[in-house]
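Remarks on the structure that follows.
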Amino acid sequence: MSRAKQWTDEVEDLYRFQQAGYRDEQEYRRVKQVMLIERWPETGYVKKLQRRDNTFYYYNRKRECEDKEVHKVKVYAY
């Protein structure tokens, strides 16, 4: 595990998954037993995620991970 140093599309996706309580897309798919994750067609960013308590997080089309938040994103290596 390492921390993100600068913003990228991958860091944006990880930020969204971690906001919803998951490490990354792989853990989300395993826990929620889903194959398709809703994404914005224009940007490809995650659109909606279901938290572990079955409530939903909805995300905007544009970047949500601000520069001051980038260092909080964890990047896992498998």
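Which value in deg cm²/dmol, rounded to the nearest 500, describes the helix-derived mean residue ellipticity at 222 nm for the chain, given -39,500 (n - 2.57) per DSSP H run of n ≥ 4 and division by the residue count?
Values: 2 runs with 19 residues, N = 78.
One gets -7000 deg cm²/dmol as the mean residue ellipticity at 222 nm.
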Within the accessible area of the chain, what % is carbon and sulfur when the probe is 1.4 Å and the other protein chains stay in place?
48
Per residue, what accessible area does the chain have, given a 1.4 Å probe and all protein chains present, in Å²?
70
Given 4 °C and 1.567 mPa s, how large is the Stokes-Einstein diffusion coefficient of the chain in µm²/s, with Rh as the Kirkwood radius over Cα pairs?
102
Which of Y59, Y28, Y45 ends up with the largest GNM mean-square fluctuation for the chain, with Cα atoms connected below 10 Å?
Y59
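When the dipole is taken about the Cα centre of the chain, and only Lys, Arg (+1) and Asp, Glu (-1) are charged at their Cβ, what size is it in debye, to the nearest 20?
Details: 18 positive and 14 negative charges, 46 e Å.
That gives a dipole near 220 debye.
Report the relative contact order of the chain, percent, no decimals, based on alpha-carbon pairs under 8 angstrom and at least 6 residues apart.
On the way: 102 pairs, mean separation 34.7, N = 78.
Relative contact order here is 45 percent.
The values are calculated or read from the model by the stated rules, or taken from the named source; none is laboratory data. Owing to the predicted nature of the structure, the values given are computational and were not obtained by experimental measurement. Ideal geometry is used to build each Cβ from the backbone, glycine not excepted, and the neighbour counts take in all protein chains shown. To get the accessible areas, we keep the full protein, side chains included, count just its heavy atoms, and leave off ligands, DNA and RNA. Shrake-Rupley method; radii C 1.70, N 1.55, O 1.52, S 1.80 Å.
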